[in-house]
Amino acid sequence: MEHMQEISTPILPMKKTHQVDTRILDVIRDRGFSELSEVQQQAIPKILQGDHLLLIAPTGTGKTESAMIPVLSGMLATEGKGFTTLYITPLRALNRDILRRMEWWCQNLGLTSGVRHGDTSQAERRKQVLHPPDLLVTTPETVQALFMGKRLREHLRSVRYVIVDEIHDLAGTKRGAQLVIALERLVRYAGEFQRIGLSATVGNPEEIAGFLAGERPCSIVEVPVAKYLDIKVEITGEKFDSQVNAVRRHTKKGPSTLIFVNTRSTAESLGHALMRDGDVDVHHGSLSREVRIEAEDRFKRGEIKTLICTSSMELGIDIGHVEHVIQFGSPREVSRLVQRIGRAGHQIGKVSKGTIITCGFDDLCESLVIASRARQGAVEDVIPSYQAGDVIGNQIAAIAVEYGELSIDDIFSIISKSSVGIRDVETLEAIIGQLTEHYLIRRDGNRIITTSRARRYLSGNLSMIPDERKFPVYDIVTRRTVGTLDESFIITSLHTGAVFIARGQLWRVLDLEEGKVTVEPARNADGELPSWEGEQIPVPYEIAREVGRLRRTREFERYTEDQASIAFATGFLDLVQKNHGIIPTDQILTIEYSEEGVVLNVCAGHQTNEAIGRVLSILLSARFGSTIGLELDAYRILLRVPREISVADVRDILTSLDPDHIRGILELAMKRTSLFKWKLVQISKKFGAIDPDADYERLSLHRLADLLSHPQIQEETYRELFTRYMDVSHAIGIMRGIHAGEIQVVTSPPSMIGGAALFSSSRDRIPPPTADQAVISALKTRLDRQEVLLACMNCRKWKSKTVVARVPDQPVCGNCGARLIAALKPYETELYSIANKKTKNQEEKAIEQKLIRNANMVLSSGKKAIIILSAKGVGPETASRILATYTNGDALMREILKAERNFVKTHRFWQ
Amino acid sequence: MNIEFFPSGPGVLVEEEQRILFLADIHMGIEHELQKYGFHIRTRGQDRIRRICDLVTEAQPDLMVILGDIKHRIPGTSYQEFFELGSLFSAIRKIIPFIVTPGNHDPGIEEFLKPEEMRKKEGSLIGSIGILHGHTIPDPDLQGHLILCGHHHPVVSLTDQVGVALKSPCFILGEIDEHIFTQDPDEEGRTRLLMVPSCNELTGYGIEKTFRSPFSPLSRSLHIESAEILLPDGTYAGDLHSHLAYEKDTPG
């Protein structure tokens, strides 16, 4: 145990009845340990007293022992069969080191320990049922499973202590909510046990303590992190090679370096580039457990000096001494940076050294702000998922299976006692109603009864982690699998003809069959799949605002001493201004054109931009009746709009938006978005409406969202979107700032800032609000694509085949320059020859007259006439009638639709 | 011949000597089947029955023709179907006479119908209109006529400048290759086809896929160049051939 030294003095004075058992002190002494760390000194007495406790400290400050020492002490004083202590930790933190430590402690004290999780062998599980260990190390999912076995439930009666490790990781998710409800279920068997939460630094300790203990009093012991951090920020060039060199400059120096990157692919490519240095390895979640453990061991033993890893390394896996932590690219959040850099040093009192290597202006500014906040200890809040309908539904089903049947009152009392449970019986009843719809439970008067489906559902839904299936993509041309598509795409966007980009290539969807998406290569442009990057961390509002302020004040020296960074940043801003761009800051919002559409540069973070971007898309799609594409990151919102929509239009909508309407608009219109549909399906799964392996080929996918219009599912979908994806309050704040003149809205020429490739973006498409508008929008596109034959009725010697979109406002004969041009359908070529014959009979003269009428319309009304004439079944008579209505825009389109509908009614096919 | 479209079904009414309302593909009992495939939702059978009855009230036909696939499960009849089909037919019989052209999902449907309500599955004529479900080669009697069929559940994705604006059930109207009736047709372009969209909200096949890989004799023999797409309310939505042709240059 490297992080404890010999104890030389007795433990702090405390109540006589609450002392650490001498056997433990003996063990500690025998191992040669001395002082207790600060967190241990503060925590141990409180736990010995019987307090519920939230323990907040950086990694490597002896948190685990702070809990284990007093708990083990207590365990020695208890007797009997069954589990005494549950040590709950996420699976990826469950590593051999924790287990070895637990085993070591227990063995030396005559206690038994065991571990149980998804991969535990049957033999081991059976052993635990017959001879329950005093200390059980397990995962949140497996805690759910413990309630499903009769004998296991018996063993739960003796639980006196529950330790929740990495609680900061759990608290902000539905997994955490599910766990704390499970703890209330546990109380019914074990009575009030003692709760201890171990956490990294969070911005809102009281709330997390409340999360853990509900209404019960809970003490907090917190060790500040800031004094332990030494963070530097560097800038490198855009090229991958210069980034690799920047990293290498550091790895060559130190004895042991941990490099955190944000994606697995970056881990692989960086690893590959550094591999020739020899003592480098890679660690990320896609690798097998053995490979990862191997890498951890080699690093620990000093065989490799550098380990490149993703967030898989964030949790407390012990890899020995880390001298230096490099964060490659902005860490996005202060808490992330703090946790990662906290891996360095790893000895009590030692300073953790870290460097952020950035590339690009946004990356640099963001990192400077995050580093500064980390030094101040300004870590983000972790917000639990309160009253999440699907979590509660899942637990009701679990309770039904656990008891067979139980009264609604009892269920309510269990759930309402937890910090995240619902508070009124009506909501509970509504959720119960929902579950009965999906045959998960039955209701009989005041009792809930399990069904045959429930157990199977539970086994497939022990976890609240949304599963995202991957569907292989099969190219029928090369007959090979060329990649995978996420389930989210399948649910929201799959249809024959959909075009998407994968591996830099364009593909067209043909079909979903036998679980595979068949595709063929496509040539047409404009293929973007919706995505909301579940793994990507959103940049918080405060950080984005501060980046905005930094852009305005340019006080880079306050954030760093690195001259290269300061020069780069100021140089970049100067260059933007030299090119007539206006710099968007916390007080200036710029709107500009880019190749892809209209860009709003607003420094407000992902979730606020998500809210603003969606409101604007919804309003634009309603006003202009067109589909609108939306992409965004923390600093910009890109709107893909049809040609008719200008920067001025977007600006107009933005400045006339009443902030108080934002929430209402979103609530009304979110349903049309892909994000909503996807979330709806995920939540439906948790309510038991859709099985994890449901066969999507069995129904028309685009109707799936309509199917799931149940109130509870919808409500939870809205709740999740409004709390996790969209930050409406800050969006309102920004809008109010605009109205109050605190934030200026300025139109800017295209700038480097607006044109930058979106930096970890979210993407979606918002269709027009009504079918009617959608039809009009599609009509415009159809007419644009219509082939038309332009034929000169003056010289009679010129014709040109083109599409309507390419026709100029006033077409001109390429031969004689006249404007008397007839617009014909391509199959009417023959009519032109007939009209130009030297001698014509009666019929042929009539044809000529028709063409001349046509050409006269084009002469007087220009392209508008051509558009009308390209509609189905519209000849000169109908066209002149439509022109005589003097309508334009959508009204004109409606006239055309009327004419086409009329054509249908009198179709020759009806005989 | 007078044509009226009813998007609430969806259904179409054809008036010659009498007013005949056409519907297709009700697929009662589909929810029970979907349970097997991982979807657990309550049946919407009653809603469907109500919708059909409201449609009859709105359209005021003299006769209703259901173009097949009224039930869903093959083989056999689930309890849900048993109950709901009884309910459906008794509701309809109260308000309108009807006939059925059995579809591939309809084995066993004869248990629920009177003999005079059933027509040949390969097709028959009513007035000058040919009717069949659409999973078989059509009876030669139908040659030269306007044929109405179901079976194909056509759905179209309409795109605008930015993306898919709307996905909607649709009709497909066109001409079929006379070779489907005989080796040696004396003329082409006499037999016309109107594919009717499905009444069931959960079913639908994208036409983009159906006409690239046709799965029935009728869809195989449709002349794509002259076929048209109609929305349930009769709006013209484009010709099929342009809709399928992706490799055109897109403007702008």
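Among residues of region A:627-655 being of a type in the set (Gly, Ala, Ser) and closer than 28 Å to A:PRO538 by Cβ, the one that is nearest to the other protein chains (Cβ to nearest Cβ) is A:GLY629. Tallying residues that are in a helix (DSSP H, G or I) and out of contact with any Asp or Glu (no Cβ under 8 Å at 6 or more places or on another chain) within region B:9-34 yields 4.
Here are some residues: B:ASP184, B:ASP239. Which one is more than 7 Å from chain A (Cβ to nearest Cβ), free of Cβ contacts under 8 Å to residues at least 24 places away in the same chain, open to solvent by 20 Å² or more (accessible area, probe 1.4 Å) and closer than 25 Å to A:TYR827 by Cα? It is B:ASP239.
Here are some conditions: (1) crowded, with 24+ Cβ neighbours inside 10 Å; (2) part of a loop (DSSP other than H, G, I, E, B). A:ALA374 meets all but one. Which one does it not meet? Failing condition for A:ALA374: (2).
In region A:403-426, what count of residues is obtained for those that are open to solvent by less than 10 Å² (accessible area, probe 1.4 Å), in contact (Cβ under 8 Å) with a residue 40 or more places away in the chain and in a helix (DSSP H, G or I)?
So in region A:403-426, the residues open to solvent by less than 10 Å² (accessible area, probe 1.4 Å) come out as A:408, A:411, A:414-415, A:418, A:420-422.
From the residues that got through so far, the ones that are in contact (Cβ under 8 Å) with a residue 40 or more places away in the chain too are A:408, A:414-415, A:418, A:420-421.
Those left that are additionally in a helix (DSSP H, G or I): A:408, A:414-415.
Here the count works out to 3.
Tell me the residue from A:ARG651, A:ARG698 that is modelled with pLDDT of 95 or more, surrounded by fewer than 24 Cβ atoms within 10 Å (Cβ to Cβ) and not aromatic (Phe, Trp, Tyr), please. Full working, then the answer.
Working: A:ARG698 fails: modelled with pLDDT of 95 or more.
One residue alone meets the criteria, A:ARG651.
For region A:804-815, name all the residues that are out of contact with any helix residue (DSSP H, G or I) (no Cβ under 6 Å at 6 or more places or on another chain) and either closer than 14 Å to A:MET793 by Cα or part of a helix (DSSP H, G or I) (or both). So that I can check it myself, show each step before the final result.
Of region A:804-815, the ones out of contact with any helix residue (DSSP H, G or I) (no Cβ under 6 Å at 6 or more places or on another chain) are A:806, A:808, A:810-815.
Listed by number, the residues that qualify are A:ARG806, A:PRO811, A:VAL812, A:CYS813, A:GLY814, A:ASN815.
Hand me the list of strands (runs of 3 or more DSSP E) wholly inside region A:696-802 holding 1 or more residues that are more than 14 Å from every other protein chain (Cβ to nearest Cβ) and either more than 30 Å from the chain's Cα centre (by Cα) or free of Cβ contacts under 8 Å to residues at least 12 places away in the same chain (or both).
Answer list for region A:696-802: A:744-747, A:787-792.
Only one of these is buried (at least 16 other Cβ atoms within 10 Å of the Cβ), touching a strand residue (DSSP E or B) at 6+ places or on another chain (Cβ under 8 Å) and over 30 Å from A:PRO767 (Cα atoms): B:GLU110, B:GLU117. Name it. None of the others qualify; the one that does is B:GLU117.
The set of residues in region A:574-631 that are farther than 18 Å from A:ILE662 by Cβ and hydroxyl-bearing (Ser, Thr, Tyr) comprises A:THR585, A:THR590, A:TYR593, A:SER594, A:SER626, A:THR627.
Here are the criteria: (1) under 22 Å from A:ILE665 (Cα atoms); (2) open to solvent by 40 Å² or more (accessible area, probe 1.4 Å). Tell me which single one A:GLU610 does not satisfy. Checking A:GLU610 against (1) under 22 Å from A:ILE665 (Cα atoms); (2) open to solvent by 40 Å² or more (accessible area, probe 1.4 Å), the one that fails is (2). Within region A:268-295, residues that are among the hydroxyl-bearing types (Ser, Thr, Tyr) and assigned to a helix (DSSP H, G or I) reach partners that are surrounded by fewer than 17 Cβ atoms within 10 Å (Cβ to Cβ) and at pLDDT below 85 with beta carbons closer than 9 Å, at six or more positions or on different chains, in the pairs A:SER269/A:PHE240.
Say whether the condition of being in a helix (DSSP H, G or I), open to solvent by less than 10 Å² (accessible area, probe 1.4 Å) and among the basic types (Lys, Arg) is met by at least one residue in region A:121-136.
Taking region A:121-136 first, the residues in a helix (DSSP H, G or I) are A:122-130.
In the following step, the residues that additionally are open to solvent by less than 10 Å² (accessible area, probe 1.4 Å) were identified as A:128.
Retained after the next criterion (residues that are among the basic types (Lys, Arg)): none.
Taking every residue of region A:121-136 in turn, none turns out to be in a helix (DSSP H, G or I), open to solvent by less than 10 Å² (accessible area, probe 1.4 Å) and among the basic types (Lys, Arg).
Tallying residues that are within 14 Å of chain B (Cβ to nearest Cβ) and small (Gly, Ala, Ser) within region A:444-494 yields 4. Looking at the structure I just gave you, is B:PHE171 open to solvent by less than 50 Å² (accessible area, probe 1.4 Å), within 14 Å of chain A (Cβ to nearest Cβ) and of a type in the set (Phe, Trp, Tyr)? For B:PHE171, the condition - open to solvent by less than 50 Å² (accessible area, probe 1.4 Å), within 14 Å of chain A (Cβ to nearest Cβ) and of a type in the set (Phe, Trp, Tyr) - is met.
The residues of region A:446-482 include none that are touching a Gly at 6+ places or on another chain (Cβ under 6 Å) and open to solvent by 70 Å² or more (accessible area, probe 1.4 Å).
Restricting the search to region B:222-234, which residues are part of a loop (DSSP other than H, G, I, E, B) and either touching a helix residue (DSSP H, G or I) at 6+ places or on another chain (Cβ under 6 Å) or among the small types (Gly, Ala, Ser) (or both)?
Pass one, region B:222-234, residues part of a loop (DSSP other than H, G, I, E, B): B:223, B:227, B:231-234.
Those that are part of a loop (DSSP other than H, G, I, E, B) and either touching a helix residue (DSSP H, G or I) at 6+ places or on another chain (Cβ under 6 Å) or among the small types (Gly, Ala, Ser) (or both): B:ALA227, B:GLY234.
Residue count for region A:550-597, restricted to those that are more than 18 Å from A:GLN744 (Cα to Cα), assigned to a loop (DSSP other than H, G, I, E, B) and acidic (Asp, Glu): 5. The residue list A:ALA835, A:ALA879, A:ALA846, A:ALA818 contains one member that is of a type in the set (A, V, I, L, M, F, W, C), under 30 Å from A:VAL775 (Cβ atoms) and either touching a helix residue (DSSP H, G or I) at 6+ places or on another chain (Cβ under 6 Å) or more than 14 Å from chain B (Cβ to nearest Cβ) (or both), which is A:ALA879. Scanning region A:459-487 for residues that are in a loop (DSSP other than H, G, I, E, B), closer than 25 Å to A:PRO140 by Cβ and in contact with a strand residue (DSSP E or B) (Cβ under 7 Å, 6 or more places away or on another chain) turns up just one, A:GLU468.
The values are calculated or read from the model by the stated rules, or taken from the named source; none is laboratory data. Not measured: the values here are computed from a predicted model. No Cβ is skipped: glycine too gets one built from the backbone with ideal geometry, and neighbour counts run over all protein chains shown. These accessible areas exclude ligands, DNA and RNA; they are computed on the full protein's heavy atoms, side chains included. Shrake-Rupley method; radii C 1.70, N 1.55, O 1.52, S 1.80 Å.
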